[in-house]
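Take a look at the structure below.
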Amino acid sequence: MSDPRAAVIVFPGSNGDRDLLEALRAAGFDSFPHPSGQPLPDDVALAGLPGGFSYGDYWRAGMLASQEPAVRSLSSLIDRGGLVIGVCNGFQILVEAGLLPGALSYNDPAGFRHRWVTVRCALETDSPWFRNVPNGATLRLPIAHGEGSYFHPGGFDAVASHAPLLYEENPNGSMGALAALLDDTGRVLGIMPHPERASDPDLGSEDGLSLFTGAFGAVARHPSPVAGKNEVAAGAHTS
Amino acid sequence: MTMTSMTELGLAMGLTAAELDHIVAELGREPNRVELAVFAGMWSEHCSYKSTKELLSTLPTAGDRVLAGPGAHAGCVDVGDGWAVAFKIESHNHPSAVEPYQGAATGVGGILRDVVAQGARPVAVMDALCFGDPATPRTRWLQDGVVAGIGGYGNSYGVPNVGGLTVYDSRYDGNPLVNALAAGLVRHDAMRTAAATGPGNVLLIVGATTGRDGILGAAFASEELGEDHEHAARRSHVQVGDPFMGKKLMEAMLAFDDGLVACQDLGACGIACATSEMAAAGGTGFDVDLEAVPQREAGMDPFEILLSESQERFMLVVEPDRVDAALEHFRSHGVHAAACGAVTDSGRLRVRHDGETVVDLPAALVAEGTPPQRWEAGPLPTRHPYPDFPAPADPAAVLVDLLAEPGIADLSWLYERYDQTVGNRTVRGPGRGEAAVQKLPGSSAGYAISLVGGGDGCAADPYLGTQALLGEAIRNLACVGAEAVAVSDGINAGSPSDPVEFARLSELIRGLGDGLRALGLPVTGGNCSLYNESPSGPIPPTPMIGVVGVIPDIGRIPCPTMTTGEVVLLVGTPSGEPGHSGYGRLTTGAVDGPAPSVDLDADSRLAAFLVAQAAEGRIRAAKDAGRGGLGVALAKLCIRSGTGVEINREWGDRPDWDLFGEGSGMAWITAHGAEADALIEAGALAGVPIDRVGIAQGDRLVISGLIDIALADLAAAHSGRTA
């Protein structure tokens with residue numbers, strides 16, 4: 001059987017697409033770049049929204065990108081049981097698209113910040129992204145953003161049950177030190193740090209790869225979102 | 001135009017009377033107004049190197065690994081596996097002095113375009129900055145703007161900033177320096193050329209539209225800076241950067257090669273420069289139609305279109321039957337594209353606008369015909385050695401003071417403003433090694449880049465000061481297991497019309513050439529920025545030196561940190577003199593001081609030894625002695641490692657000079673106990689002094705009989721500004 005396909009949506013101004021393609025490939029996916037101006041093909045098991053400055057961040061970060069056809073087609077992928085990850089700018093796009101709740105605003109203290117940080121898994125979850133990251137585990141990942149301060153009008157309590165990763169030291173003023181967020185299905189992950197840049201021991205850490213191998217394990221165990229999308233639509237591998 | 005008015009206009013544009021005479025003699029007629037503007041831009045110091053080209057021609061350029069040298073968009077060196085690193089330094093000093101954010105941002109954008117023009121995907125940016133007194137509000141304003149500009153462009157574009165240097169010295173108060181190095185990766189067989197060949201091939205302009213920004217920026221860069229209140233009037237010379245457009249354009253450029261004959265980025269002097277240089281390089285000419293150039297505003301004068309320095313543009317020469325596909329390709333990437341001319345065999349740059357020929361000039365005369373400008377070299381300034389000073393009662397207090405010095409203190413707050421890891425290549429970024437290290441795609445091999453610079457040593461002696469920097473660069477590379485292979489030089493100096501400044505510039509370049517020959521290294525390109533003077537005086541002659549090294553196996557490079565229990569070895573001989581040093585300056589307050597102590601043979605032997613032993617996997621951590629000498633190097637290694645040391649060694653009559661003096665050929669390394677003897681044996685064979693002097697342990701830095709201080713105190717002193 002061929003490897004499950006993973007589309008990395010390339011927006012004008014994306015700059016982490018190649019890194020995300022590499023990490024997904026390292027985890028076993030047949031990853032390929034997909035232009036944001038077209039809806040996703042039906043045969044993908046996973047979609048990745050990479051980091052970068054889509055549309056230059058010239059409006060609110062991620063806002064313009066969230067209107068793109070590829071993003072509008074994500075809900076049908078999710079309905080089919082597919083997986084979605086948005087990293088950094090990709091997280092901002094998922095929030096702007098309404099696929100994850102809340103908002104990401106300017107860092108506090110203000111300014112773009114690159115730093116290696118430690119995040120802790122703080123959730124018992126069936127999310128496929130966390131098959132290989134048990135509750136309590138820590139990951140060392142880089143952050144590189146200026147608008148990563150997570151806000152929810154209901155406060156952190158409103159999203160605590162969907163917040164799988166928390167910063168050990170809050171670098172950006174996020175509510176509850178939230179570093180990542182899952183949707184209700186557990187299949188859509190927004191994450192501000194960069195796991196795709198921590199997927200090669202030569203580059204300082206391979207902790208991030210465990211998220212992608214977890215996703216691969218889930219998809220490989222249920223190799224259906226593509227071939228048998230009806231089966232998936234029937235809920236074959238929802239948690 | 002009468003001869004008199006032509007002369008007046010030409011002089012007002014910055015041409016000299018002799019140059020105007022030369023132009024008339026070569027053309028056999030007077031140039032018209034547009035042609036005059038083209039000459040004024042292209043024959044400015046910034047574009048023509050008329051004051052320095054004879055000096056720079058003395059630098060060695062040949063090397064086994066050199067694939068493209070000076071004259072290319074960016075120098076290219078073979079780093080193995082069929083890959084080349086394309087790299088170059090450029091300055092953006094004057095724009096940054098008057099508009100720090102855009103000046104720095106477009107400096108980064110400009111050097112990235114050089115790398116892209118070479119066909120390379122940008123993989124790294126480094127920055128070399130010189131600011132004035134850090135305590136002044138003006139320095140704060142400049143620094144905040146420059147750092148934000150470098151980050152604002154590079155972060156969005158998606159190229160990691162992997163290191164650099166920042167100097168603070170009141171001699172840069174009136175004229176800060178902003179130099180940037182960019183590096184890219186290109187397959188050997190995918191390198192691109194600027195040579196426009198094949199009459200009938202079509203000229204394309206792609207990227208952003210052409211506006212009125214940055215007109216005659218090259219001429220502005222070739223004058224001294226005025227008083228602060230005059231800067232506002234200069235802001236219209238500064239270009240405005242758009243990293244989003246730059247990123248789209250980079251992707252479009254790298255994805256295009258069907259029918260591509262030649263390409264060049266549009267920088268200083270815009271279309272006038274690109275067309276004349278591409279034609280001159282190919283021995284051809286161009287017919288250009290300015291109305292076909294996509295313009296940002298209506299009613300632009302032909303000289304404005306020709307000389308606009310609007311950012312994010314390239315010119316391409318494309319085979320005629322591929323033009324439609326090329327235009328479609330670029331437009332599909334969201335950038336403008338238009339055919340605006342054709343290659344001819346006339347050797348002339350002919351430009352039409354509104355039905356008239358507005359320029360008809362020999363391309364080679366415009367691009368390469370600037371008469372050399374020879375300046376008188378006066379005597380070098382007298383040196384002032386440090387006055388005698390006694391050994392300090394408490395060397396630990398000296399160490400603390402040195403660690404807190406601007407220029408030695410930690411800059412991680414600054415580097416946090418830059419994305420360091422995008423692109424998945426960065427093995428060692430800022431603060432994580434003596435040089436930046438990146439890995440090649442799908443390979444265990446890698447390359448390293450060291451960027452060093454500053455004018456402190458060069459103010460005392462430009463010849464030796466430059467060589468001291470060369471030595472530092474190859475030591476830095478060796479500390480990450482990399483063998484130096486090629487150099488890009490960014491030279492910043494004062495006005496050549498001042499005989500003293502011209503003498504210093506000449507000595508700097510002579511020192512660079514002799515140093516490169518001593519080390520067997522070629523220059524593959526670079527930049528020379530003159531007229532760095534303000535009403536407060538000239539800057540010190542300031543070279544920025546970027547050196548690329550090769551690493552056969554990144555799995556074996558020394559760690560950035562040492563671990564408790566490792567043996568500490570001292571490689572090299574402590575200087576036994578203050579040398580030209582941060583210590584001497586801190587202690588005596590003398591600004592210039594003695595000539596730097598340089599022994600490039602010692603640096604060369606040290607580097608070869610470290611590279612060989614790193615390849616054997618024997619070195620755990622390595623740190624060479626630079627600013628602040630062996631003492632500061634050891635303290636920084638301890639702070640970075642979170643581990644103390646205990647050192648036992650006999651020092652000379654002046655232990656403070658041994659510890660804080662600066663010179664060549666010194667480094668600390670650590671090793672597992674079992675490897676120490678092998679290292680000492682290998683050092684004896686290589687003619688490198690090496691001695692086992694201590695052990696990594698505890699949480700204090702102890703040099704017995706001299707220093708015993710808690711790591712936490714050193715770290716606090718070193719931490720610098722926390723922004």
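The values are calculated or read from the model by the stated rules, or taken from the named source; none is laboratory data. For clarity, every value in this text was computed on a predicted model and none was experimentally measured. Positions of Cβ are generated from backbone atoms using ideal geometry, with glycine treated the same way; all protein chains shown enter the neighbour counts. Only protein heavy atoms, including side chains, enter the accessible area calculation; ligands, DNA and RNA are left aside. Shrake-Rupley method; radii C 1.70, N 1.55, O 1.52, S 1.80 Å.
Computed with a 1.4 angstrom probe on protein heavy atoms, the B-A interface buries about 2100 square angstrom of accessible area in total.
Relative to the longest principal axis of the Cα atoms of chain B, the long axis of helix B:100-117 makes an angle of roughly 80 degrees.
P(r) tail, region B:304-380: Cα-Cα pairs separated by more than 22 Å, 48% of all pairs. For chain B: lysine pairs with Cα atoms under 26 Å, gap of 8 or more or different chains, count? Going through chain B pair by pair, I get 11. The dipole here belongs to region A:5-233: it is taken about the Cα centre, uses +1 on the Cβ of Lys and Arg and -1 on the Cβ of Asp and Glu, and is about 120 debye. Kirkwood radius for region B:3-46, taken over all pairs of different Cα atoms as the inverse mean of 1/r, rounds to 10.1 Å.
Within chain A, the proportion of C-alpha pairs whose separation exceeds 29 Å stands at 18%.
Ordered by 1.4 Å accessible area with all protein chains kept, B:E681, B:E30, B:E507 run largest first as B:E681, B:E30, B:E507. Which is farthest toward the positive dipole end of the protein assembly as shown among B:L634, B:P100, B:A128, measuring Cα position about the Cα centre, with Cβ charges +1 (Lys, Arg) and -1 (Asp, Glu)? The one lying farthest along the dipole's positive direction is B:L634. Please work out the C-alpha center-to-center distance from region B:120-196 to region B:548-622 and express it in whole Å. Cα centroid to Cα centroid, the span is 25 Å. With a cut-off of 15 Å on the backbone N, the residues of region A:170-196 near the modelled label site 7 Å out from A:S161 along Cα-Cβ are A:182-186. Once the mean of 1/r is taken over each pair of separate Cα atoms and inverted, the protein assembly as shown shows a Kirkwood hydrodynamic radius of 29.2 Å. Net length available on complete extension from A:D108 to A:A220 is 36.3 nm, with 0.36 nm assigned per residue and the Cα-Cα distance removed. Note on B:E319 and B:D345: the model spin-label points, each 7 Å out from Cα along the C-beta direction, lie 1.9 nm apart. Taking amide H atoms as placed 1.01 Å from N in the peptide plane, the amide H of B:R700 lies under 5 Å from those of B:G644, B:V645, B:L711, each 5 or more residues away in sequence or on another chain. By the Cβ rule of 4.7 Å, the protein assembly as shown holds the following cysteines without a possible disulfide partner: A:C88, A:C121, B:C47, B:C76, B:C130, B:C263, B:C340, B:C458, B:C479, B:C528, B:C559, B:C638.
Normalised Debye scattering of region B:558-687 at q = 0.19 Å⁻¹ gives log10 I(q)/I(0) of -1.09, counting only Cα atoms as equal scatterers and leaving out solvent. Here's the picture: a label point sits 7 Å out from the Cα of B:A62 along the beta-carbon direction, and within region B:487-521 the residues with their amide nitrogen under 15 Å of it are B:517-518, B:520-521.
Stretching the chain fully between B:T197 and B:E368 yields a gain of 59.8 nm (0.36 nm per residue, less the alpha carbon separation).
With all protein chains in place and ligands, DNA and RNA left out, the 1.4 Å accessible area ranks B:R113, B:R383 as B:R383, B:R113, largest first. Annotation for region B:412-431 versus region B:499-529: alpha-carbon center distance of 30 Å.
The GluC sites (Glu not before Pro) found in region B:288-365 that occupy coil by DSSP, while having at most 10 further C-beta atoms within 10 Å, are B:E297. Within the shell defined by Cβ-Cβ distances under 11 Å, the residues around A:F112 carry a net charge of -1, with Lys and Arg each +1 and Asp and Glu each -1. Using a probe of 1.4 angstrom and keeping all protein chains present, the accessible surface of region B:320-364 works out to 49 square angstrom per residue. If you model chain B as an ellipsoid using its alpha carbon gyration tensor, with each semi-axis the square root of five times an eigenvalue, the axes come out at 46, 27, 21 Å, biggest first.
Set the Förster radius R0 to 60 Å, insert the Cβ-Cβ distance between A:S75 and B:D189 as r into 1/(1 + (r/R0)^6), and round the FRET efficiency to 0.05.
Result of the calculation: an efficiency of 0.85.
GNM remark for chain A: springs join alpha carbons under 10 Å apart, and the peak mean-square fluctuation among A:D200, A:D183, A:D157 falls on A:D157. Under 13 Å from the 7 Å Cα→Cβ point of B:E376, by amide nitrogen: which residues of region B:478-511? The answer is B:497-503, whose backbone nitrogens lie closer than 13 Å to the label point.
If the only charges are +1 at each Lys and Arg Cβ and -1 at each Asp and Glu Cβ, what is the size of the charge dipole of chain B around the Cα centre, to the nearest 20 debye?
With only Lys, Arg, Asp and Glu charged at Cβ, the dipole is about 1280 debye.
The accessible-area ordering, largest first, of the residues B:E646, B:E19 stands as B:E646, B:E19, per a 1.4 angstrom probe.
Extension gain, B:A18 to B:Q697, is 237.5 nm, computed as 0.36 nm per intervening residue step minus the present C-alpha separation.
Here the protein assembly as shown is assigned +1 on the Cβ of each Lys and Arg and -1 on the Cβ of each Asp and Glu. Its dipole about the Cα centre then comes out at about 1560 debye.
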